[in-house]
1. Would you mind computing, in nm to one decimal, how far apart the modelled labels at residue 22 and residue 79 are, each placed 7 Å from Cα along Cα→Cβ?
2. Which of rounded, prolate, oblate describes segment 66-158, given a ≥ b ≥ c as roots of the alpha-carbon gyration tensor eigenvalues and a/c under 1.5 marking rounded, otherwise prolate only if a/b is larger than b/c?
3. Most exposed first by the Cβ proxy, i.e. fewest other Cβ within 10 Å, how do 155, 68, 82 rank?
4. Running a GNM on the chain with Cα contacts under 10 Å, which residue among 51, 170, 88 ends up with the highest mean-square fluctuation?
5. Could you work out how much longer the chain between residue 29 and residue 57 gets when fully extended? Use 0.36 nm per residue separation minus the Cα distance between them, nm to one decimal.
6. For residue 121, go through the lysines and keep the ones whose alpha-carbon is under 26 Å away, minus same-chain ones fewer than eight residues off.
7. Given the DSSP H assignment, sum -39500 (n - 2.57) over each helix run of at least 4 residues in the chain and divide by its residue total; what's the result at 222 nm in deg cm²/dmol, nearest 500?
8. Which one of 169, 27, 100 has the biggest mean-square fluctuation once the chain is modelled by GNM with Cα springs under 10 Å?
Amino acid sequence: MRKLVYYVASTLDGFIAAPDGSYDFFPLVPEPDVLAHLTAEWPQTFPTFAHAQFGIESPPTGRFDALVMGRGTYEPALKLGVASPYAHLRQYVFSRSLPPSDDPQVEIVNADPAAFVRELKRQPGGDIWLCGGGQLAGQLLDEVDELVVKLNPVVVGSGIPLADRGFAPHRFTLVEARPFDSGTVLLRYAAGAR
C-alpha cells in the first residue's frame, strides 16, 4: 500500500509559515550542503520550474507520484499564474472555494481529506507527498506514515504550526537524523502504532 509522507520545512519552535502564510524567513535557496542532499534524495519536492535551475533531471525520479496540499499552499503558485506547480506529479488540492482546475495534473478536491487519502493510498502507485499546509496536516495526521522535517535553525514565535489540530498527542519513531554544517537537520520519523 502507498504511504503518505509529510515532508515539510519547520522552525525550531514548530512553525511552517508566518501567521500571514508567508515563509520568507526560510532560505529561498537552501544552503549548498542541504541543497546537494535535497536535489539528490528528494528531487520531486522541488517545483517543476526549478528543476533546470538546480540541475534536476526532468521528470525527476523518486518515491512520489502524487501530492496533496491545501488551498493556502497552492495559492502562491496560482497568483504567479502557475496552475500546476508540480507538473511532474499528480496534484490534489483540498479546497471548498476553488473552481475545478483546467490542468489535467491538478484536481481540486472538495471532500473529507482523510477519507480521500485513505482511498488514494489503496490505489496502485508510488507514495503520496503531503506538501502542506498546517490545517491539512492536522486533518491528515492520523494518515501520515512518515514525517520528514527539514528543521531550520530559526525561532519565529508564532505562525502556522506544523500540524494545526486540537490537543491530541501522536507518537512517531525517529528513523534518521541528518545534521548539516549549515545548521539544518533533516529528521525522518515513522508513524507509531495505530
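1. 0.9
2. Values: a/c = 1.57, a/b = 1.13, b/c = 1.39.
Oblate, since a/c reaches 1.5 and b/c is not below a/b.
3. 155, 82, 68
4. 170
5. 8.3 nm
6. Partners found: 3, 150.
7. Details: 4 runs with 36 residues, N = 194.
Theoretical 222 nm ellipticity from helices: -5000 deg cm²/dmol.
8. Maximum among the listed residues: 169.
No value in this document is a laboratory result; all are computed from the given coordinates. All figures in this text were calculated on a predicted structure; none of them were measured in a lab. Ideal geometry is used to build each Cβ from the backbone, glycine not excepted, and the neighbour counts take in all protein chains shown.
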